[in-house]
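The values are calculated or read from the model by the stated rules, or taken from the named source; none is laboratory data. All of these numbers come straight from a predicted model, not from anything done at the bench. Heads up, the Cβs are rebuilt from the backbone with ideal geometry, glycines too, and the neighbour counts pull from every protein chain shown.
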Amino acid sequence: MLERHVTVLNQLGLHARPAAEFVRATRAFKAAIHFIKDGETYSGASILDVLSANLNHGAAFILRADGPDEEKALDHLCGLLEEFRRQEEREGM
């Protein structure tokens, strides 16, 4: 099992569109993906969990992967969170 401490950097946070993209990416891996925010554990494969976690700008959480491709999964998902920030910058947000 691997973990990374992550902070949401894009201004709009993980609202509907990026949350759905994050969940789709999570489901592509064999590793089980969860995140822990404010003592609560959420499934990265559940759009309802991702949205209910209120991952707004500045939210800090632990991203956890457990499985055969856990390192690859964390690398990809952390990169995706960075890409959300870059997309906002390109769109002038």
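List of remarks:
- Qualifying residue in the stretch 39-50 (condition: under 27 Å from residue 89 (Cα atoms), at pLDDT 95 or above and charged (D, E, K, R)): yes
- Failed item in (1) modelled with pLDDT under 95; (2) in a helix (DSSP H, G or I); (3) not small (Gly, Ala, Ser), with residue 10 passing the rest: (2)
Yes/no matrix, rows are residues, columns are (1) surrounded by 15 or more Cβ atoms within 10 Å (Cβ to Cβ); (2) in a helix (DSSP H, G or I); (3) modelled with pLDDT of 95 or more:
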position	(1), (2), (3)
64	yes, no, yes
76	yes, yes, yes
79	no, yes, yes
84	yes, yes, no
88	yes, yes, no
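- Within the stretch 52-62, considering residues that are touching a strand residue (DSSP E or B) at 6+ places or on another chain (Cβ under 6 Å) and over 12 Å from residue 33 (Cα atoms), the one surrounded by the fewest Cβ atoms within 10 Å (Cβ to Cβ): 60
- For the stretch 1-19, filtering for residues that are small (Gly, Ala, Ser) and farther than 15 Å from residue 76 by Cα leaves 2.
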